[in-house]
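Peer 1: Okay, here's the structure, questions in a sec.
The values are calculated or read from the model by the stated rules, or taken from the named source; none is laboratory data. Bear in mind the structure is a predicted one, so any value in this text is a computation, not a measurement. Using ideal geometry, Cβ is built from the backbone for each residue, glycine included, and neighbour counts are taken over all protein chains shown.
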Amino acid sequence: MYHNIVTSRLFDVLTDRPSRPNVTVLATQTERSPVANIARCSSSGFSPATITLTWQLENGSAMPDQDALTTPMANDLFSVSSTFNYSVQRTDNGKTLTCSVSHVSLNSPLSGTATIPVFCKYPYMYIDLYPLFVLTHK
């Protein structure tokens, strides 16, 4: 039992937990625009350097980020950052974008969120192609 306590405390000393991810929307996107940088996620203060970052757009599946950039900081700690690239649609307006990080020091992933604004070029119109019937009372 003593061995487990020592091992546990040694693990705590050798690992540092990452900060909760900070998600920043970079700009309002126009619907049907080409793929663009939508948001940036960052987390810092962790050790060891191995970390997994994932993105998830509301009601979608999680997408691991293969291009997340991990950089060294002072005191043998690390930071990670990632940019979410996506082509927005009108239906994405107001959806929640979640960035999550998983690290050996965490029991469960930490997440940060942002709401995606989409500028709609054309107003939504419903045009009924059936003829209009006028009802009259006799």
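Peer 1: Identify, please: which residue in region 11-55 is farther than 15 Å from Leu106 by Cα and charged (D, E, K, R) and is, among those, modelled with the lowest pLDDT?
Peer 2: Top of the filtered list is Arg32.
Peer 1: Additional query: Do we have Thr98 as hydroxyl-bearing (Ser, Thr, Tyr), more than 24 Å from Arg32 (Cβ to Cβ), out of contact with any Pro (no Cβ under 8 Å at 6 or more places or on another chain) and at pLDDT 95 or above here?
Peer 2: No, not satisfied.
Peer 1: Residues that are under 24 Å from Cys120 (Cβ atoms): which strands (runs of 3 or more DSSP E) entirely in region 37-89 hold 2 or more of them?
Peer 2: On the way: elements: 52-57, 69-72, 78-86.
Answer list for region 37-89: 52-57, 78-86.
Peer 1: If Glu58 satisfies every condition in (1) under 14 Å from Val101 (Cα atoms); (2) surrounded by fewer than 18 Cβ atoms within 10 Å (Cβ to Cβ) but one, which is the exception?
Peer 2: Evaluating Glu58 over (1) under 14 Å from Val101 (Cα atoms); (2) surrounded by fewer than 18 Cβ atoms within 10 Å (Cβ to Cβ) leaves (1) as the failure.
Peer 1: Taking region 20-36, which residues are part of a strand (DSSP E or B) and either closer than 16 Å to Thr96 by Cβ or of a type outside the set (Val, Ile, Thr) (or both)?
Peer 2: The first filter runs over region 20-36 and keeps only residues part of a strand (DSSP E or B), leaving 22-25, 29-30, 36.
Scanning region 20-36 gives Asn22, Val23, Thr24, Val25, Gln29, Ala36.
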